[in-house]
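Q: Structure in structure tokens, see below.
The values are calculated or read from the model by the stated rules, or taken from the named source; none is laboratory data. Treat the numbers as computed from the prediction; the structure is a model and nothing was measured. Areas reflect the complete protein model, heavy atoms only, side chains present, ligands, DNA and RNA absent. Shrake-Rupley method; radii C 1.70, N 1.55, O 1.52, S 1.80 Å.
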Amino acid sequence: MIDAAAHFRAKLAVETDPADTYAAQRAGEAFVLVDTRSRAAWDQGHAEGAVHLPTREIAERAVSEIPAGTAVVVYCWSPGCNGGDKAALAFAELGYPVKLMIGGFEYWKREGYPVATAHGVSAGPVDPLTGVAG
């Protein structure tokens, strides 16, 4: 029989969501939020406070840009892609404590959290199907 409690405890140790990530940012928790998407996607908008480090560049750049041992939260576009999982694996293989922000940038934006572009920071309306931004 599967130990459901152990399964979900382990899952929560390596996953977070936009609401918890935003709350951790506001609380001043120490972690680096990493957008792992392409430059074009980053330029269209990204979570405020994120750094840009595409998945394919993590192995070569992470160690020089993010101090060893720093907690990392990664995201990609949406729950419909596994780019965030690939990025989380790359950070884990380098020894970083890492979590995947489930829902990705799509849900960050849908939940009304701050989105940064070259034109500044804004927050759009909250999608009523996703909850209330806090």
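Q: Cα gyration tensor of the range 57-129, axes a ≥ b ≥ c as square roots of the eigenvalues: rounded (a/c below 1.5), prolate (a/b > b/c) or oblate? Show your work: numbers first, answer last.
A: Numbers: a/c = 2.62, a/b = 1.75, b/c = 1.50.
Prolate.
Q: Determine one quarter of the surface area of the Cα convex hull of the range 6-78, which equals its mean projected area, and express it in nm² to one decimal. Display every interim value, and only then the final one.
A: Values: hull surface 23.3 nm².
Hull-based average projected area comes out at 5.8 nm².
Q: If you don't mind, another one. Under the √(5λ) rule applied to the eigenvalues of the Cα gyration tensor, what semi-axes describe the equivalent ellipsoid of the chain? Give them in Å, descending.
A: Numbers: eigenvalues 99, 81, 36 Å².
Semi-axes from the Cα gyration tensor: 22, 20, 14 Å.
Q: At 1.4 Å probe size, with the rest of the protein present, what percent of the exposed accessible area of the chain is carbon and sulfur atoms?
A: Details: 4400 of 7610 Å².
Looking at the chain in its full context, I get 58 percent from C and S.
Q: Taking the range 95-134, how much of its Cα-Cα pair set, in percent, is spaced more than 14 angstrom apart? Intermediate results must be reported in sequence, preceding the final value.
A: Details: 409 of 780 pairs.
Roughly 52 percent, once rounded to a whole number.
Q: Roughly how many Å is it from the Cα centre of the range 56-134 to that of the range 11-55, as a whole number?
A: 3 Å
Q: Shifting gears a bit: Averaging sequence separations of C-alpha pairs under 8 Å and six or more residues apart, then dividing by the length of the chain, give the relative contact order as a whole percent.
A: On the way: 229 pairs, mean separation 35.8, N = 134.
Once normalised by length, the contact order is 27 percent.
Q: On average, how much accessible surface per residue is there in the chain, in Å², for a 1.4 Å probe, leaving out ligands, DNA and RNA? The partial results should precede the final answer.
A: On the way: 7610 Å² over 134 residues.
Result: 57 Å² per residue.
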